[in-house]
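The structure appears below as structure tokens.
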Amino acid sequence: MRGKLMYEGKGKQLYASETDGELIQLFKDDATAFDGVKHDVIAGKGELNCAISSFVFEKLHTAGVGTHYVRREGTAEMRVKALDMMPVEVVVRNVAAGSICKRLGLEEGKVLPYPLTELFYKSDELHDPMINTEHAEMFGWATRADVQEMRAVALKVNAVLSEMFAAVGIRLVDYKLEFGKCGSDILLGDEITPDGCRLWDAETGRKLDKDVFRRDLGGLSEVYHEVANRLGIAIAFDA
Ligand code: TMP
Ligand code: ASP
């Protein structure tokens with residue numbers, strides 16, 4: 001049951017629940033890009049993202065990755081453990097795309113020799129600048145040990161998800177993770193959906209993620225449905 005609204009982001013809301021230490025994460029139908037400059041509301045997007053994220057968190061749990069996920073609890077709602085979030089985004093890249101191409105002059109599609117992790121400071125105002133471990137430690141966003149653990153978990157997630165997507169003909173190009181603390185544990189929080197990943201069809205290279213919205217390449221709902229269908233995810237919530 002949803003209680004008081006505790007936090008609102010561009011794509012999600014977090015509500016108190018009747019259980020101490022647990023929150024309800026609601027996925028909104030809003031689609032945003034370029035730090036909210038481009039915005040649209042796409043009916044059914046929240047439900048799709050909730051279904052995909054729940055499926056992925058269950059996979060990760062089975063693989064031994066600690067996450068905030070408790071269970072899916074409604075059409076676009078999941079119950080999560082309350083975390084003290086670190087304002088650091090961990091990006092993992094298998095293939096060059098997006099900002100790394102601009103930053104380093106790489107060609108989109110270049111396969112990286114091994115998975116690369118990058119850190120960004122979560123701040124819309126500053127457009128999520130890239131940072132390193134020293135910045136995180138100096139400004140109190142995360143300790144060196146926190147960063148080490150987040151990187152290790154991010155790479156484990158990469159192994160699990162790359163295999164999961166490869167099995168259904170999808171290439172996991174890159175993605176962003178956010179972590180938080182729950183007592184002394186560091187848990188994976190936030191969401192894992194095509195909003196925060198780049199997913200390309202393995203055969204054709206067709207984009208199956210939020211780049212279709214960012215770059216006006218077609219219908220977002222259609223490609224998110226395709227990702228869900230390929231993974232065998234039932235969208236409708238059946239309590
Ligand atoms: P980038 O190429 O813009 O740095 O993004 C890399 C991946 O991380 C891409 O799949 C999108 C995702 N991402 C977010 O979802 N939110 C963010 O704030 C950032 C920086 C990246
Ligand atoms: N996540 C950011 C936004 O929603 C940036 C992006 O995805 O382009 O505005």
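Quick notes on this one:
- Close contacts from region 65-78, counting a first residue that is modelled with pLDDT under 95 and a second that is assigned to a loop (DSSP other than H, G, I, E, B), with Cβ to Cβ under 7 Å and a gap of 6+ residues or different chains, come to Gly74/Phe237.
- Index of the failed condition, Gln13 passing every other in (1) farther than 23 Å from Val227 by Cα; (2) within 16 Å of ligand 2 (Cβ to nearest atom); (3) surrounded by 18 or more Cβ atoms within 10 Å (Cβ to Cβ); (4) in contact (Cβ under 8 Å) with a residue 40 or more places away in the chain: (4)
- Val88 being within 16 Å of ligand 2 (Cβ to nearest atom), touching a residue at least 24 places away in the same chain (Cβ under 8 Å) and surrounded by 14 or more Cβ atoms within 10 Å (Cβ to Cβ): yes
- Residue count, region 30-82 (criterion: surrounded by fewer than 19 Cβ atoms within 10 Å (Cβ to Cβ), within 17 Å of Gly9 (Cβ to Cβ) and charged (D, E, K, R)): 4
- Region 198-226, subset over 15 Å from Thr32 (Cβ atoms), in contact with a Gly (Cβ under 8 Å, 6 or more places away or on another chain) and in contact (Cβ under 8 Å) with a residue 40 or more places away in the chain, residue surrounded by the most Cβ atoms within 10 Å (Cβ to Cβ): Arg198
- Of the candidates Gly140, Gly205, the single residue that is within 16 Å of ligand 1 (Cβ to nearest atom) and either in a loop (DSSP other than H, G, I, E, B) or under 21 Å from Ala51 (Cβ atoms) (or both) is Gly205.
- Qualifying positions in region 82-99 - of a type outside the set (Ser, Thr, Tyr), over 14 Å from the mean Cα position of the chain (by Cα) and within 8 Å of ligand 1 (Cβ to nearest atom): Ala97, Gly98
The values are calculated or read from the model by the stated rules, or taken from the named source; none is laboratory data. No experiment lies behind these values; they were computed from the predicted model shown. Here Cβ is always computed from backbone atoms with ideal geometry, including for glycine, and neighbour counts include all displayed protein chains.
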